[in-house]
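*Asks:* Handing you a structure now.
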Amino acid sequence: MSTTALSPATEPSARVLTLLRDALLPLLLVAEVIFFGLAAPDFLSASNLANVVINSADLALLAAGMTLVVLLAGIDVSVGPMLGVVAWVGATLFVSGLPPVLVVLASVLLGGLLGAINAGLIVGGRISPIIATLGTAAVFKTVLFVLWDSTDVFAGPVLPVLGPARAGGVPLVGLVVLVAFGIFAYVLRRRVFGRRLFAIGNDAEGARLLGVPVGRTSFAAYVLVGALVGLAALIYVGRVGVVQATAGQELTLPAIAAVVVGGTSILGGEGGVLRTLGGLVFIALLQNGVVLMGVPPLWNGVLVGLAVALAVAFDVVTRRTLDKRIGAQK
Amino acid sequence: MTTTAVARRSLRDRVSDRRVFLAVLVLALGAVMSLLSPYFLQVGNLLAMTQYGAVIGLLALGQALVILGGRGGIDLSVGSTLSLSGIVMGLLAQNLGLGPWLAALLAVAFGGLLGSVNGLLIARLGLPPLIVTLSTLFLYGALAQVLTGGGQLGGFDGQGFAALGQSAILGVPTQVLLVLAPMYALAIWAQNRTSFGRRLHQAGTSDRAAGLAGIDVTRLRLRLYVLSGALAALGAVVTNAWLLTARPSAGTGMELQAITIAVLGGIDIFGGRGHLSGVLLALAIVVVLSWGLQLAQVGNSVQTGILGLVLVGAALLNNLIGRRSSA
């Protein structure tokens, strides 16, 4: 269906394309739920769905942060290894008896600090985001390896809301995620900082000429990613219960995948955290459903990789077609 | 045009050339290493070192070409392409019983095919290289795991195939003499002396200008990604000849090395500027550095971080130089 809609011969109206683009993810989600609901009987049980929430809460916060920098037409491939470093520090502080509130504060601050390193390289050093964060990702991996020093750190949830605790079957950590997404949705839509992110992502030079502080805003976005990673790291500790040498490294691609599948444009300037939430639900249900169907977890990478490639292809092709339409109307 | 430009270059230009800087760095690094370890300067050691560099040198060459092609060109999937091509070669040799040379040939073609997937999505559909190759990084890597169930493959020990990875001709490791050196010689020649090199730089500098000059930019970029895939697969062939086993994680993390070498070599991340001979020098630096760290018993996990620092440092350096020359 989508291929015929995309071919220039059929000349679909801009409205149809926009509608298709906005309705695609909800349709896919419904199809996914029906498919796995039929293929794996346990899929729709309340306890399984609660498990999905608990297992993807840390990823959700990473994806929220990633949305901010993707809106800027940037990227951060260091979030996974960064999470590993903060998780180790947070778990170690917690085990050593520091009060939970201080552990949370320290983790968020450390995350923000590591984010500021990326921000400094990208904004101050004018290195392209992919090169800068590829480099810091490698450094963070090594830092965790050195800190880990052949000793796994075992720790429980720092606070009940950062662990697998449930109240009446509802996972508390899901509420943390919803609050975080609510705040970012509000900031992106209604606050100056949010609007500036869109402006920069659309046209950084134009935004600068209009008086948007491009450097400061971009810097803040990368620091915010780090702060969210800091919080996510504690949720990771609460979920996994142990910090090992490669902790968190598997989370980078799914975080980017949630953003892209959600429909935030990788070219910047278009999207939002609520779309990312939709993308995240799609990815989380996909990974869960596949496991329930008894497919070996090795296939996860294949499916997530395919989902990203298809989502990006769809986004870029529709966006370009729409741009052409708008150009033709002018 | 090139010749007059070279003739006009002043002494100051020559000294500030990235390649002079890199050559000095190679010598300095070598001097430090030889002070730290008495084994370093022994001929046997120097040659074994180049053996290690053959595989990442091939990946870095493909990477540099893709970046030179411009428009945000980057190939994050080279490591996974190496893994998957190596596994496919293993399947052909072990399960289908093909001779290792034939399997190697098919594996290189397969690598080109994997590269063409990137190339089609990027050049024809116009998708961002970063996200396309990031998803194929995970896709190809996961496929390599799925195809073997996490195990490893063999069946390469026949028809003298092991000689490619384990022997030396006149003291030079065979894969360096017969694979790496010819590839770099060919690429450097093509960059400086052929119309391919000129088109590469024009496309990398300005899409529009290159298009107006009659260059088929789409086809050129598609070819660059195919080339990068094929070179990565060639790296897989060399790895298989060296270790005589194909592992699904053979290329994991190698994109970092490839990109680091390309950026350190002075290839401008925005395309169109940089010399492949600089990449060769940067390869020498990274190889000497890794080898020295190995001798100093610094583990692979720590080396990754050092490489990350080199990448960030090199990118900062490129910006400093770029800014000064444009100011």
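*Asks:* For segment A:160-179, indicate whether the set of residues that are in contact with a Phe, Trp or Tyr (Cβ under 9 Å, 6 or more places away or on another chain), surrounded by fewer than 20 Cβ atoms within 10 Å (Cβ to Cβ) and of a type in the set (Gly, Ala, Ser) is non-empty.
*Replies:* The answer is no; no qualifying residue exists.
*Asks:* Where residues in segment A:93-110 are of a type in the set (Gly, Ala, Ser) and either more than 21 Å from A:Asp152 (Cβ to Cβ) or part of a helix (DSSP H, G or I) (or both), which of them is nearest to the chain's Cα centre (by Cα)?
*Replies:* To start, the set of residues in segment A:93-110 that are of a type in the set (Gly, Ala, Ser) comprises A:96-97, A:106-107.
So of that shortlist, the ones also either more than 21 Å from A:Asp152 (Cβ to Cβ) or part of a helix (DSSP H, G or I) (or both) come out as A:106-107.
On the way: A:Ala106: 22, A:Ser107: 18 Å.
Restricting to residues being of a type in the set (Gly, Ala, Ser) and either more than 21 Å from A:Asp152 (Cβ to Cβ) or part of a helix (DSSP H, G or I) (or both), the top hit is A:Ser107.
*Asks:* Could you go through segment B:170-179 and let me know if any residue there is touching a residue at least 40 places away in the same chain (Cβ under 8 Å) and farther than 20 Å from B:Ala60 by Cα.
*Replies:* Looking for residues that are touching a residue at least 40 places away in the same chain (Cβ under 8 Å) and farther than 20 Å from B:Ala60 by Cα, one finds at least one in segment B:170-179, hence yes.
*Asks:* So, one more: Does A:Leu114 satisfy being under 18 Å from A:Gly163 (Cβ atoms) and buried (at least 24 other Cβ atoms within 10 Å of the Cβ)?
*Replies:* Spelling it out, it is not the case that A:Leu114 is under 18 Å from A:Gly163 (Cβ atoms) and buried (at least 24 other Cβ atoms within 10 Å of the Cβ).
*Asks:* Exactly one of these conditions fails for A:Val273: (1) under 19 Å from A:Val33 (Cα atoms); (2) more than 9 Å from every other protein chain (Cβ to nearest Cβ). Give me its number.
*Replies:* Failing condition for A:Val273: (1).
*Asks:* Another question, if that's okay. Go through (1) of a type in the set (Phe, Trp, Tyr); (2) in contact (Cβ under 8 Å) with a residue 24 or more places away in the chain; (3) open to solvent by 10 Å² or more (accessible area, probe 1.4 Å) for A:Tyr222 and report which single condition fails.
*Replies:* It is condition (3) that A:Tyr222 fails.
*Asks:* Pick from B:Ser116, B:Ser85: which is assigned to a helix (DSSP H, G or I) and either within 26 Å of B:Ile215 (Cα to Cα) or open to solvent by 10 Å² or more (accessible area, probe 1.4 Å) (or both)?
*Replies:* One residue alone meets the criteria, B:Ser116.
*Asks:* Can we say A:Gly230 is in contact (Cβ under 8 Å) with a residue 12 or more places away in the chain and either in a helix (DSSP H, G or I) or on the phi > 0 side of the Ramachandran plot (or both)? Reasoning before the result, please.
*Replies:* Values: in contact (Cβ under 8 Å) with a residue 12 or more places away in the chain: yes; either in a helix (DSSP H, G or I) or on the phi > 0 side of the Ramachandran plot (or both): yes.
Here the answer is yes, as A:Gly230 does meet what is asked.
*Asks:* If a residue has to be surrounded by fewer than 17 Cβ atoms within 10 Å (Cβ to Cβ) and polar (S, T, N, Q) to count, how many in segment B:190-204 make the cut?
*Replies:* So the answer is 3.
*Asks:* Sort out which residues of segment A:111-128 are modelled with pLDDT under 95 and either part of a loop (DSSP other than H, G, I, E, B) or more than 18 Å from A:Arg208 (Cα to Cα) (or both), and write them in order of number.
*Replies:* Across segment A:111-128, the qualifying residues are A:Gly125, A:Arg126, A:Ile127, A:Ser128.
*Asks:* If we keep just the residues of segment B:141-179 that are within 10 Å of chain A (Cβ to nearest Cβ) and under 20 Å from B:Val55 (Cα atoms), which is farthest from the chain's Cα centre (by Cα)?
*Replies:* Here the residue is B:Ala144.
*Asks:* Continuing with this model, one more query. A:Ala284: crowded, with 16+ Cβ neighbours inside 10 Å, among the small types (Gly, Ala, Ser) and over 15 Å from the mean Cα position of the chain (by Cα), yes or no? Spell out the reasoning first.
*Replies:* Details: crowded, with 16+ Cβ neighbours inside 10 Å: yes; among the small types (Gly, Ala, Ser): yes; over 15 Å from the mean Cα position of the chain (by Cα): no.
No, not satisfied.
*Asks:* Something else about it: Out of (1) more than 21 Å from A:Arg239 (Cα to Cα); (2) in contact with a Ser or Thr (Cβ under 6 Å, 6 or more places away or on another chain); (3) more than 14 Å from chain B (Cβ to nearest Cβ), what's the single condition that is false for A:Gly115?
*Replies:* So the condition that A:Gly115 fails would be (2).
*Asks:* Quick check on my filter: what residues within segment B:275-303 are of a type in the set (Ser, Thr, Tyr) and within 22 Å of B:Asn45 (Cα to Cα)?
*Replies:* Filtering segment B:275-303 down to residues of a type in the set (Ser, Thr, Tyr) leaves B:277, B:290, B:301.
Residue satisfying the conditions is B:Ser290 alone.
*Asks:* Look through B:Leu227, B:Leu220 and report the one residue that is in contact (Cβ under 8 Å) with a residue 40 or more places away in the chain, under 12 Å from the mean Cα position of the chain (by Cα) and within 22 Å of B:Gly72 (Cβ to Cβ). Before the answer, list the steps.
*Replies:* On the way: B:Leu220 fails: under 12 Å from the mean Cα position of the chain (by Cα).
The conditions single out B:Leu227.
*Asks:* Another question, then. Can you find even one residue in segment A:260-278 that is without any contact (Cβ under 8 Å) to a residue 24 or more places away in the chain, hydrophobic (A, V, I, L, M, F, W, C) and open to solvent by 40 Å² or more (accessible area, probe 1.4 Å)?
*Replies:* no
*Asks:* For segment B:127-140, enumerate the residues that are within 7 Å of another protein chain (Cβ to nearest Cβ) and either open to solvent by 20 Å² or more (accessible area, probe 1.4 Å) or in contact with a His (Cβ under 6 Å, 6 or more places away or on another chain) (or both).
*Replies:* Result: B:Pro128, B:Leu130, B:Phe138, B:Leu139.
*Asks:* Restricting attention to segment A:63-73, does a residue exist that is touching a Pro at 6+ places or on another chain (Cβ under 9 Å) and of a type in the set (S, T, N, Q)? Even if it seems obvious, please write down each step before you answer.
*Replies:* Of the residues in segment A:63-73, the ones touching a Pro at 6+ places or on another chain (Cβ under 9 Å) are A:63, A:69, A:72-73.
Cutting the leftovers down to of a type in the set (S, T, N, Q) gives us none.
The answer is no; no qualifying residue exists.
*Asks:* Go through segment A:279-330 and report how many residues are in a helix (DSSP H, G or I), away from every other protein chain (no Cβ under 11 Å) and modelled with pLDDT under 85. Quick ask: steps written out before the conclusion?
*Replies:* Going through segment A:279-330, the residues in a helix (DSSP H, G or I) turn out to be A:279-292, A:299-329.
Of the ones still in play, those that are also away from every other protein chain (no Cβ under 11 Å) are A:279-292, A:318, A:321-329.
From what is left, the residues that are modelled with pLDDT under 85 are A:318, A:321-329.
Counting residues in segment A:279-330 that are in a helix (DSSP H, G or I), away from every other protein chain (no Cβ under 11 Å) and modelled with pLDDT under 85 gives 10.
*Asks:* Let me ask you something else. Condition test on B:Val298, is it β-branched (Val, Ile, Thr) and touching a residue at least 12 places away in the same chain (Cβ under 8 Å)?
*Replies:* For B:Val298, the condition - β-branched (Val, Ile, Thr) and touching a residue at least 12 places away in the same chain (Cβ under 8 Å) - is not met.
*Asks:* Here's another thing I want to ask about it. Report yes if some residue within segment A:144-156 is away from chain B (no Cβ under 14 Å), part of a loop (DSSP other than H, G, I, E, B), surrounded by 15 or more Cβ atoms within 10 Å (Cβ to Cβ) and touching a residue at least 12 places away in the same chain (Cβ under 8 Å); otherwise report no.
*Replies:* Yes, segment A:144-156 contains at least one residue that is away from chain B (no Cβ under 14 Å), part of a loop (DSSP other than H, G, I, E, B), surrounded by 15 or more Cβ atoms within 10 Å (Cβ to Cβ) and touching a residue at least 12 places away in the same chain (Cβ under 8 Å).
The values are calculated or read from the model by the stated rules, or taken from the named source; none is laboratory data. Bear in mind that the values here come from a model prediction, so they are computed numbers and not experimental data. Here the Cβ is made from the backbone with ideal geometry for all residues, glycine too, and neighbour counts use every protein chain on show. Keep in mind that these areas ignore ligands, DNA and RNA; they rest on the heavy atoms of the full protein, side chains included. Shrake-Rupley method; radii C 1.70, N 1.55, O 1.52, S 1.80 Å.
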